[in-house]
Structures are given as C-alpha cells and as structure tokens.
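Following: one structure in structure tokens, then a few remarks.
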Amino acid sequence: MPAGIDKELESALAAVVVPYLGTDLVSAQVPVEIQERDQRLEVTVTLGFPAAGYAPQLADEIAAALQDVTQVADVSVEIHSKIVSHSVQGSLSPLPGVKNMIAVASGKGGVGKSTVAVNLALALQAEGGRVGMLDADIYGPSQPRMLGVSGARPRSRDGKSFEPIDAHGLQMISIGNLVDENQPTVWRGPMVTSALTQLMFQTRWRDIDYLIVDMPPGTGDIQLTLSQRVPVSGVIIVTTPQDIALIDAQKGLEMFRKVNVAVLGIVENMSTFACPDCGHVTPLFGEGGGQRMAAEQGVPLLGRVPLDIRLRQETDEGEPSVIRDTSQDLAREFREIARYATGLLSLRPREYKGAFPKIVVEEKK
Ligand code: ADP
C-alpha cells in the first residue's frame, strides 16, 4: 500500500456514520483493525453494543468506503460486539453477574412501560446480547404474564438465593413469581425497597450484558428510593404523546437526573394508531409530544411505538411481538430502539474495576 494510506483509511472510516452512536466510527473511537494480506484487506470492527441486525449493513458500508480509497477489490469486514460495564450512579457498585442495568420508567401507569420493557429486552437478545429482566413493578408485576411464565416458581440450590427463571431465553425474576399474582399485596414503602433489594441481590444472574428493570410507575418516595439504590447505567423514560402524560414523564426524568442517573432517552409509545381495516393512520394522542419533550430536555427520542392491537394481544398471550414472526414490523422498531439505547450507553464512561495501587507512606528517620 502506498505511504500515507493510514490517513486515507482513517478519513474513509470517518465517513461511515453509525446512527446509533450519533456520529462516525472515528469520532466514536470504535476499535477498527485493518490488516493487508495478499492484496486483500481484512477489517475487524468491535462495537460496544449488540447489533446483529445492523452488522451486515455496516460491513457493506465500511467495505465500500475502504475500496474507494485503496482500490483494493477484496475487502472483508467482520463486525463483533464487546459489551463492557458502564458506570452507575453515586457510590453504588454494579450487581454481581450483571454488566449493565437499564431501568425502564414512566411518570405514571398505563403508558405501556412494561410492554416496552419486555419487547426491548427481547430485541436486545435478538441483537445478540445476554439479557435479563427484573420486574420491579411490585404493585402490578406483569412480566410473568407477558413472558408466558405465570405460575412458575424460581428454583433455589442453597435455600438462600434464587435461580432466575428462563423465559424465551431471558433470565427473569418477578415478585409475581413468588407471591400469588391474584392476591392483592399491601406493600409499605420500606417493604418494597427491601423485597426488591432481595430480588435483585439474591438472584444468581449469570453473565448478563443488560438487565432490564421494569420500574414501578410514578415519582413518589418509593421510586425515588429505588432510583438511588438500584445501580443502573442508565434509564429509558416511556411516555405517550399527550401533554398530561408528558408532564408526568418530565417529572420522572427530573427525578432520575437529580440522583445522577444517566437518561439514555425517551420512547414515545402509542404514537399513532393505524386502523387495521383501512390502514388510515391517526395520531390518537396528539402529535410530536415525545419529540418536543426530548428536544426541550436535551435527550434523544429513541423511537416511537405505534398503538397496535398486536402488541396488546401478543404480550397478553405471553409471546411479545418481537418474537412473533408475524410482527416483524414491530420487531424492527424495537430492535432500532434497542441498538440506539445501548449504542448511546456504549459511549458513556466505563465502570472502573481495577484496584487502586497501594499507597505506602514511609516515615523518614
Ligand atoms: P404500564 O407498564 O405503563 O402500566 P403496560 O405495558 O402494562 O403499561 O400497558 C398497559 C396496557 O396497554 C396493556 O394491556 C398493554 O398490552 C397495552 N399496550 C401498551 N402499549 C401498547 C401499544 N403500543 N399498542 C397497543 N396496546 C398497548
């Protein structure tokens, strides 16, 4: 290769934009290795988030950009993902067996937080991540039903800890799997925190990249305590587009900011309604609310999820839309959101794991 090609290769890579990182490969400091062998370029790219559904497109774009500058006809590109642990709020430590916890929260109930959480978890898994679900929505634990494991009880090997329940490949646990789902439970604040802390710490999570936490809705004392105690790398706020929901979502966002939890972005749920008969699209709850809030708060809008009867039916049946063959349009939307959220997370500071050097102070004689 002619001298000075490194600069040319770099500028070619700088022209490849990864939408989920909001910038190009070079600016995002994505590790790229290039080797030349027998008139052939072998390129290895390591993304910090799972991206099985995007890797072929990215590989094509990189190959085309490099072919342009090098004139080497044979360029092979491999895309890998290496997911690391990112820093959590305050002086908390990450959960053993879990690289990153991502909270899914909402300012109020009924906006589709649990629906978004479960589809997001399955979308991340489809992209290649090892994923878990912690159902912390203690007042209305809906994950057992949504994941088709109602009535399943977690096993314990030692009488002290729980093995997570396997649900469509996710490692999950919910208070709904420990108490009778139909039995109303009266939880006082400290009980909620204590029950959730036990669920979180006494479950033997096995090498999870992302543990999705379905948070209880609202911004009361319990939610505030949890936002301070659950060691999350970031939070995703779910809202519907109408003003009344946005006001609550904003309160939620401010609560997380106050306790230094990184807000990864907003998901606007029930954005539009497509009539199943005529296909006419109606913005039932108003238009552009999520976008406006995202712009005002300086956080990304990670995506919009339509109001679609399949989402309700399929999650009710315990097989969320992301894993149904017939709902690939919805799956695509959730996989976009999953890549965007974890792509942005990959740009955040890493959790510092190394030990500090020992400082020895010697007294001078
Ligand atoms: P939350 O966790 O915010 O209380 P849920 O996820 O339990 O809300 O959703 C409330 C109800 O709305 C559920 O029956 C769910 O199936 C339905 N739902 C949520 N999002 C959608 C959507 N985009 N389209 C259709 N139904 C939805």
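Below are the figures for this structure:
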| quantity | calculated |
| --- | --- |
| Among Gly252, Gly159, Gly298: highest mean-square fluctuation, GNM of the chain, C-alpha pairs under 10 Å | Gly159 |
| Links that overshoot a 25 Å alpha carbon limit, given the list Lys108/Lys160; Lys82/Lys258; Lys99/Lys160 | Lys108/Lys160; Lys82/Lys258 |
| Residues His168, His280, His86 arranged by fewest to most Cβ contacts within 10 Å | His280, His168, His86 |
| Beta bridges by DSSP in the chain, antiparallel share as percent, to the nearest 5 | 25 percent |
| Value of relative contact order over the range 270-359, rounded to a whole percent, pairs C-alpha under 8 Å and six or more apart | 22 percent |
| Nearest-0.05 FRET efficiency for Asp277 and Arg257, computed from C-beta distance (R0 35 Å) | 0.20 |
| Spin-label proximity, Lys7 to the range 70-113 - amide N less than 16 Å from point 7 Å beyond Cα toward beta carbon | 70 |
| Sites Thr46 and Gln198 - FRET efficiency at Förster radius 30 Å, r taken between beta-carbons, to 0.05 | 0.25 |
| Relative contact order, percent, the chain [alpha-carbon distance under 8 Å, six or more residues apart] | 21 percent |
| Residues Thr240, Thr225, Thr219, Thr197, sorted so that the one with the fewest Cβ neighbours within 10 Å comes first | Thr197, Thr225, Thr219, Thr240 |
| R0 of 56 Å, Cβ-Cβ distance Tyr139-Gln57: FRET efficiency to nearest 0.05 | 0.85 |
| Rounded, prolate or oblate (a/c below 1.5 giving rounded, otherwise prolate when a/b exceeds b/c) for the range 103-240 by Cα gyration tensor | rounded |
| Longest DSSP-loop-exposure-free segment, GluC sites (Glu not before Pro), the chain, at most 15 other Cβ within 10 Å | 1-286 |
| Gyration tensor verdict on the chain (Cα atoms; rounded if a/c is under 1.5, prolate if a/b is larger than b/c, oblate otherwise) | oblate |
| Expected 222 nm ellipticity per residue - DSSP helices of 4 or more, -39500 (n - 2.57), all of the chain, to 500 | -10000 deg cm²/dmol |
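Just so you know, all these numbers are worked out from the coordinates, no wet-lab data involved. Predicted, not measured: the structure shown is a model, and the values here were computed from it. Don't worry about glycine lacking a Cβ; one is built from the backbone with ideal geometry, like all the others, and counts go over all protein chains shown.
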